[in-house]
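The values are calculated or read from the model by the stated rules, or taken from the named source; none is laboratory data. The structure displayed is predicted, hence computed values, not measured ones. Note that we place each Cβ from the backbone using ideal geometry, even for glycine, and neighbour counts take in every protein chain shown. Accessible surface is based on the protein model in full, side chains and every heavy atom, while ligands, DNA and RNA are left aside. Shrake-Rupley method; radii C 1.70, N 1.55, O 1.52, S 1.80 Å.
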Amino acid sequence: MTAHAQRYLDLSRNRRKPQLIIDTDPGQDDAAAILMALGLEKLELVEVLALTTVAGNVSLHNTSKNACVIADWAGRSDMPVYGGAEKPLIKSLVTAQHVHGHNGLGGMQLHKAQTPLKVLHAVAYMVDMLTHVEPYSVTICAVGPLTNIAQMLSLAPEAARGIKEIVIM
């Protein structure tokens with residue numbers, strides 16, 4: 001590692017780590033993003049608070065299962081995973097199975113996830129979390145449809161006070 005890179009890592013560790021909620025519809029692209037974020041967490045550069053899933057690339061059943069499997073791949077069976085919106089707010093769900101395969105991960109055979117899917121709905125989790133954190137402290141990384149975020153802000157506009165920023169794919 002170069003001296004410059006080491007200095008950056010040292011400075012980053014002394015600052016408060018960004019806290020992330022990754023709102024996702026795990027297909028192959030989101031799998032890579034989640035694994036990268038969890039790798040950054042191992043380097044102590046970010047803190048991933050939870051994965052929240054939404055229907056998009058495939059059904060909510062598959063996106064939630066995929067998020068749990070991806071957490072397993074990263075050795076993070078303790079990662080909270082919350083299932084969210086099953087369909088868009090207005091239109092019918094149109095998936096991208098023709099791109100991501102029938103299960104969202106290229107149709108590959110997946111193991112039974114060790115990471116459990118939480119019973120609490122993703123929107124309820126985000127409302128609770130964002131209304132109880134320090135103001136403007138959580139980054140939402142939205143790499144799927146924005147349905148969970150729209151529902152959260154519609155049901156509890158006060159939850160916006162906990163959001164530092166929303167980073168959209």
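Which numbered condition in (1) in contact with a His (Cβ under 7 Å, 6 or more places away or on another chain); (2) without any contact (Cβ under 8 Å) to a residue 40 or more places away in the chain is the only one that LYS17 fails?
Looking at each condition in turn, LYS17 falls short on (1).
Can you tell me which condition ALA150 does not meet? The list is (1) over 14 Å from LEU89 (Cα atoms); (2) assigned to a helix (DSSP H, G or I), and all the others hold.
Failed condition: (1).
Just one of THR139, THR131 is assigned to a helix (DSSP H, G or I), open to solvent by less than 80 Å² (accessible area, probe 1.4 Å) and more than 15 Å from HIS61 (Cα to Cα); which is it? Let's see the steps before the verdict.
Details: THR139 fails: assigned to a helix (DSSP H, G or I).
The unique qualifying residue is THR131.
Name the one entry in VAL123, VAL69 that is surrounded by 18 or more Cβ atoms within 10 Å (Cβ to Cβ), touching a Gly at 6+ places or on another chain (Cβ under 7 Å), of a type in the set (Val, Ile, Thr) and assigned to a helix (DSSP H, G or I).
On the way: VAL69 fails: touching a Gly at 6+ places or on another chain (Cβ under 7 Å).
Of the residues listed, the single one that is surrounded by 18 or more Cβ atoms within 10 Å (Cβ to Cβ), touching a Gly at 6+ places or on another chain (Cβ under 7 Å), of a type in the set (Val, Ile, Thr) and assigned to a helix (DSSP H, G or I) is VAL123.
Which pairs do you get when a residue that is farther than 17 Å from CYS68 by Cβ and in contact (Cβ under 8 Å) with a residue 40 or more places away in the chain, found in the range 29-45, comes within reach of a residue that is in a helix (DSSP H, G or I) and not hydroxyl-bearing (Ser, Thr, Tyr), reach meaning Cβ atoms under 9 angstrom, with the pair 6+ apart or on two chains?
What qualifies is ASP29/HIS100.
So which of LEU93, LEU146 is closer than 13 Å to THR52 by Cα, surrounded by fewer than 21 Cβ atoms within 10 Å (Cβ to Cβ) and touching a residue at least 12 places away in the same chain (Cβ under 8 Å)? Reasoning before the result, please.
Details: LEU93 fails: closer than 13 Å to THR52 by Cα.
The conditions single out LEU146.
Just a yes or no: is a residue in the range 117-125 closer than 20 Å to LEU38 by Cα, among the β-branched types (Val, Ile, Thr) and either in contact with a helix residue (DSSP H, G or I) (Cβ under 6 Å, 6 or more places away or on another chain) or modelled with pLDDT of 95 or more (or both)?
Within the range 117-125, not a single residue is closer than 20 Å to LEU38 by Cα, among the β-branched types (Val, Ile, Thr) and either in contact with a helix residue (DSSP H, G or I) (Cβ under 6 Å, 6 or more places away or on another chain) or modelled with pLDDT of 95 or more (or both).
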